[in-house]
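Reading through the C-alpha cells given below for one structure.
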Amino acid sequence: MPNMVGTEAVTSLIRETAFDTTLFFRSHHWDRSNIGVLYTGDDYGWPVYAFAIAPGCMNENEPVAICHLGMSARMLRVVYSDDQRPRNAAARLVRQMADAGADTPEKLRDAMDNVELQWLEANLLTCPGALEQLKRAEEVAWVPAEVLVPPDINGQVPPLVLHADKVTVTFRKKLWNATFSGWTGDSSPAKWAVEMAQTLEPCWQSSSSPVPWRR
C-alpha cells in the first residue's frame, strides 16, 4: 500500500503539475496562451477548475496563416454533480492523490491518469457571447476603491467575506504580466473570470490534445 502524504503538499503539487494554465497551450516548451484562470475552493486552495485562453486554433498543427484570427480556450476541472459543492469534489481529488502516495510530479502524473477529470476545449469565435465577455475584461477594477481613500469611521461597515472561494486571474504577454487573486467581488477580475467560464459552459467539448500534466 502506498504511503499517505500530506494533503497540503499534494494540493500544491496538483496545482503546479496539472492545473497550471501555462501548460494548457504549451508546445515545445512554449506557451501561447495570454489569459489563465484558476478557481480554488475556500482557504485550502482546492483545485476546482482552471482554464486558459490563447490566440490561434485548438489544433496546434494547423498552419499559422489559417489560425492567426482564431481564439481558443481549454479547461481542466474536477467532476461534480449538480447537488455537490465543487470544492468538495476538488478535496476528494486531493485525498485520492494523497492516498496514492503521489508526493512527486512523476508519481502524481501516473496517479492523475487514473482519475476522472474533464479536459475540455472551446472555440471563442463560434461560442455565443464569448468575444463580448472577453472584451469586458477591459472594464474590471484591479484596485478596490477602499484602498485608495482614508477609512471613514462614520461610514458603512464593509462587507465581511468568510471562506470565499478564490480565483486567480493572469493576463500575460511577452515581458508583461498582470495577476489578480481574490474573491468574486463586484467589478473584480475574479468575477469577470467566473462569468467568462459561465459564457463558455455550453460550448465546451472534450479535448483530444495532451492533458496538461503530460505536456
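Assorted remarks:
- Trypsin sites (Lys or Arg not before Pro) within the stretch 125-195, DSSP loop, no more than 12 other Cβ atoms inside 10 Å: LYS174
- Taking the Cα centre of the stretch 87-156 as reference, the dipole from Cβ charges on Lys and Arg (+1) and Asp and Glu (-1) amounts to some 140 debye.
- Given +1 at the Cβ of Lys and Arg, -1 at the Cβ of Asp and Glu and no other charges, the dipole of the stretch 118-215 around its Cα centre is 620 debye to the nearest 20.
- Contour minus Cα-Cα distance for SER208 and THR22 (0.36 nm per residue): 65.2 nm
- Residue-wise HN-Hα coupling along the stretch 206-215, computed from phi with Karplus coefficients 6.51, -1.76, 1.60 (Hz; x: Gly, Pro): 4, 9, 9, 6, x, 5, x, 6, 10, 8
- If R0 is taken as 22 Å, the Cβ-Cβ distance between TRP183 and ASP99 corresponds to a FRET efficiency of 0.15.
- For the pair GLN118 and GLN156, the difference between a 0.36 nm per residue extended length and the Cα-Cα distance amounts to 9.4 nm.
- Label point distance in nm, VAL143-LYS174, each placed 7 Å from Cα along Cα→Cβ: 2.9 nm
- Options THR17, PRO202, ALA90, ranked by Cα towards positive dipole end of the chain, top entry (Cβ charges): THR17
Laboratory data are not the source of any read-out in this text; all were calculated from the coordinates shown. All figures in this text were calculated on a predicted structure; none of them were measured in a lab. Using ideal geometry, Cβ is built from the backbone for each residue, glycine included, and neighbour counts are taken over all protein chains shown.
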